[in-house]
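Report on one structure; see the data block that follows.
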Amino acid sequence: MYYLNCFFLYSIVGFLFEHLVYFFMGHQGDSGILYGPWTPVYGIGIIIIILTSDFIFKNLHSSKLLQTLIIFVAVIVLLTTIELIGGLLIEKIFKITFWDYSNLRFHIGKYISLEISFAWGFLSFLIIYVIKPLFDKFILKIPNWLTYLLFALFLTDIAFTLCLKTKLKDYFIKFFK
């Protein structure tokens, strides 16, 4: 339940964070493709950061500096890969481009850039050492019934999104006529 609760909490916080950024920058935008107040890529990213750092801290018996460097590089590689796969899947399934880093100096295609990748690396330390310890106190108090409810709502959101934003919409319209 811990990781599922982490997923939901950080997905919701990521959704809110992006909306605040859009608000203060004066931009219009959505935080993801789903209808609900969550952006799953943040939840997935945080779980990857937690699992990676826990694995390295438990299994790599070396200096804190070396552990930190390995976490930094691993997180950059893993989250950049997730961002690339996510961008490609969203484009393939939903026929939209949700983000485009082509305007950044060190972009590699439109879905990844070295600037953003390094930002994920540095942010992972903020998450590991500051945010996660604070959020863990809250996560451990989330009742199971709430987790099950969020899971059911999330699956429903995915189903609605797939039905309403893909060719499945046309199939259902024809089927129910």
Where N is the number of residues in the stretch 2-175, Cα Rg divided by 2.2 N^0.38 Å: 1.14
Sparse-neighbour loop sites [trypsin sites (Lys or Arg not before Pro); the stretch 90-154; at most 15 other C-beta within 10 Å; DSSP]: LYS95, ARG105, LYS141
What angle, in degrees between 0 and 90 and rounded to the nearest 10, separates the Cα long axis of helix 144-165 from the longest principal axis of the Cα atoms of the chain? 50 degrees
What angle, in degrees between 0 and 90 and rounded to the nearest 10, separates the Cα long axis of helix 64-94 from the longest principal axis of the Cα atoms of the chain? 10 degrees
Under a 5 Å amide H to amide H cut-off, with H placed in plane at 1.01 Å, what residues pair with TYR101 once short-range neighbours are removed? TYR111, ILE112
Helix-only CD estimate at 222 nm, as mean residue ellipticity for the chain, using -39500 (n - 2.57) per DSSP H run (n ≥ 4): -24000 deg cm²/dmol
Could you tell me the number of lysine pairs in the chain with C-alpha atoms less than 30 Å from each other, where the two lysines are 8 or more residues apart or belong to different chains? 25
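With a cap of 12 neighbouring Cβ atoms within 10 Å, and only residues DSSP puts in a loop, list the GluC sites (Glu not before Pro) found in the stretch 71-124.
Details: sites: GLU83, GLU91, GLU115; in loops: none.
Answer by residue number: there is no such site.
Values in this text are rule-based calculations from the coordinates and carry no lab data. All values reported here derive from a predicted model rather than from experimental measurement. FYI the Cβ positions are ideal-geometry reconstructions off the backbone, even for glycines, and counts take in every protein chain you see.
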